[in-house]
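Below is one structure, written out as structure tokens; comments come after it.
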Amino acid sequence: MIREDIDRIVSEIEALKCKTQKEVEEARVRFLGKKGEITALFDEFRTVDKAIKAEFGRPLNELKQKALSRIEELKENVVADTSANGPKQDLSMPGEPVALGSRHPVSIVRQEIVDIFRKFGYDVAEGPEIEDDYHVFEALNFPPNHPARDMQDTFFVSAGHLNPLLLRTHTSSVQVRSMESMKLPIRVICPGRVFRNEAISARAHCIFHQVEGLYIDENVTFADLKQAILLFAREMFGPETQIRMRPSYFPFTEPSAEVDVSCNICHGKGCNICKGTGWLEILGCGMVDPNVLEASGIDSKKYSGFAFGMGLERIAMLKWQVNDLRHYFENDMRFLQEFATAPEV
Ligand code: DAH
């Protein structure tokens with residue numbers, strides 16, 4: 001009886017075919033599991049008498065070995081099979097689209113401003129964010145105890161000596177570096193990040209972006225400044241845009257002005273963006289103070305120039321009517337995705 005069973009099981013094992021790991025496992029359980037057929041033969045073998053034991057001991061052990069190695073073999077075949085024929089791939093199918101990010105609104109505005117001034121013949125200059133007192137204040141004609149140097153407004157990196165290191169509070173420092181290093185005439189714009197020790201609110205942040213402009217040549221006048229700003233405003237806010245200049249004060253320009261553009265939302269009628277005035281303030285500007293030219297080794301009798309500076313977040317807020325500056329810094333995808341289709345001018 002054992003003999004017949006052994007022969008039958010041997011031929012069954014040899015004929016075994018499995019397509020999946022699950023089928024291999026089922027076969028293992030069927031032959032070698034606790035209640036498996038081969039295990040049952042071993043149980044039976046224990047009860048038979050010595051003569052039969054002598055006859056069937058070896059074939060029974062060989063059967064078990066055969067079953068074990070066949071199961072191993074089947075396992076390996078299944079693994080090789082699934083990796084070779086795995087889920088069918090159609091290599092001619094178009095790839096999965098990769099979701100592209102969109103440009104940040106501040107980058108969009110910066111690029112627009114750079115492109116406009118490039119058309120006017122301006123180069124782009126950059127300078128360090130960690131600057132010294134000389135380039136941020138001293139060379140720009142700030143008096144020694146000007147409040148902007150105060151700990152209240154400026155993040156100092158190292159203090160306690162004559163020319164402390166600090167995070168630049170404006171990109172006007174790059175006009176100094178440009179005057180020091182470039183050949184005259186100079187026409188540059190300087191986009192960059194600036195830092196001020198301000199409480200964060202809807203209208204102020206401790207990190208923001210500015211673009212500084214500088215034009216120095218012989219016979220540059222306030223009329224040239226006015227024309228440059230008017231052309232810029234019309235490129236930026238539309239051909240109907242008007243500008244107005246209000247007298248102001250900056251240590252590095254004389255005379256100085258603040259520039260408003262006509263509100264491009266209500267076209268001068270008055271709305272809540274322009275607070276009913278019909279005008280929006282966009283930048284500060286003026287004729288470069290002779291002291292500033294001389295500090296950088298430029299002959300102020302021969303040369304004159306104008307400079308201007310604007311905040312990028314402010315321009316972006318006006319352009320897209322965003323009422324809270326903090327949106328630009330919080331990386332909220334819902335906000336940033338709004339600009340995914342913003343026209344790139
Ligand atoms: N640096 C000024 C600021 O941070 C902006 C500015 C005003 C720049 C007048 C200029 C300028 O070049 O002429 O507020």
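Just read off the accessible area of Ser69 with the full protein assembly in place, 1.4 Å probe, to the nearest 10 Å².
Roll a 1.4 Å probe over it and Ser69 shows about 70 Å².
Which angle between 0 and 90 degrees, to the nearest 10, do you get for helix 2-15 versus the longest principal axis of the chain when only C-alpha atoms count?
30
Please turn the phi angles of the range 126-132 into ³J(HN,Hα) values with the Karplus equation 6.51 cos²θ - 1.76 cosθ + 1.60 (θ = phi - 60°), one per residue in order, whole Hz, x for glycine and proline.
Listing the rounded values in order: 10, x, x, 7, 8, 10, 9 Hz.
Measuring from label point to label point, each 7 Å out along Cα→Cβ, what is the Leu165 to Ala148 span in nm?
Here the modelled spin labels are 2.2 nm apart.
For the chain, calculate the relative contact order in percent as a whole number, restricting contacts to Cα pairs under 8 Å that are 6 or more residues apart.
Here the relative contact order equals 15 percent.
Can you compute 3J(HN,Hα) from phi for each residue in the range 268-285, using the Karplus curve 6.51 cos²θ - 1.76 cosθ + 1.60 with θ = phi - 60°, rounded to whole Hz and x for Gly and Pro?
Here the 3J(HN,Hα) series is x, 6, x, 9, 6, 5, 8, 6, x, 8, x, 10, 10, 6, 10, 7, x, 7 Hz.
Where the only charges are on Cβ atoms (+1 Lys, Arg; -1 Asp, Glu), what is the dipole of the range 89-144 about its Cα centre, to the nearest 20 debye?
For the range 89-144, the charge dipole is close to 380 debye.
On a 0 to 90 degree scale, rounded to 10, what angle separates helix 21-32 from the longest Cα axis of the chain?
30
Carbon-plus-sulfur fraction of the accessible area of the range 1-157, 1.4 Å probe, in percent?
On the range 1-157, the fraction of accessible area on carbon and sulfur atoms equals 54 percent.
For Phe155, what residues show an amide H to amide H distance below 5 Å, using hydrogens built from the backbone and excluding near sequence neighbours?
Leu167, Asn197
Which of the cysteines in the chain are isolated, no other cysteine C-beta under 4.7 Å?
When partners are defined as cysteine Cβ atoms under 4.7 Å apart, the chain leaves Cys18, Cys190, Cys206, Cys285 without one.
Over what distance in Å are the Cα centres of the range 40-63 and the range 150-197 separated?
Answer, in whole Å: 95.
Of the options His209, Ile6, Gln321, report the single residue whose Cα projects farthest towards the positive end of the charge dipole of the chain (beta-carbon charges: Lys, Arg +1; Asp, Glu -1).
Checked the options; the winner is Ile6.
Please list Thr20, Thr169 in order of solvent-accessible area, largest first, computed with a 1.4 Å probe with all protein chains present.
Accessible-area ranking of Thr20, Thr169, largest first: Thr20, Thr169.
With a 1.4 Å probe and every protein chain left in place, work out the accessible area per residue of the chain in Å², rounded to a whole number.
For the chain, the solvent-accessible area averages 57 Å² per residue.
Residue farthest toward the positive end of the dipole of the chain, with Cβ of Lys/Arg at +1 and Asp/Glu at -1: which of Pro128, Phe222, Leu41?
Ranked along the dipole, the leading option is Leu41.
When the C-alpha atoms of the range 67-216 are aligned to their principal axes, what extent does each axis show, in angstrom, from largest down?
Principal axes ranked by extent give 95, 42, 35 Å for the Cα atoms.
What number comes out for the charge environment of Leu312, summing +1 per Lys or Arg and -1 per Asp or Glu over other residues with Cβ under 12 Å away? Present the calculation step by step, with values, prior to reporting the outcome.
Numbers: positive: Arg110, Arg193, Arg314, Lys319; negative: Glu112, Glu212, Glu313.
Summing Lys and Arg as +1 and Asp and Glu as -1 gives +1.
Can you give me the angle between helix 222-237 and the longest principal axis of the chain, using Cα atoms only, in degrees from 0 to 90, rounded to the nearest 10?
30
Exceeding 28 Å between C-alpha atoms, which entries from my cross-link table qualify? They are Lys19/Lys64; Lys17/Lys88; Lys19/Lys53.
Cα-Cα > 28 Å for Lys19/Lys53; rest within.
The values are calculated or read from the model by the stated rules, or taken from the named source; none is laboratory data. Everything numeric in this text was worked out from a predicted model, so none of it was measured. A quick note on method: Cβ atoms are made from the backbone with ideal geometry, for glycine too, and the neighbour counts reach across all protein chains shown. Heads up: the accessible areas ignore ligands, DNA and RNA and are worked out on the full protein's heavy atoms, side chains in. Shrake-Rupley method; radii C 1.70, N 1.55, O 1.52, S 1.80 Å.
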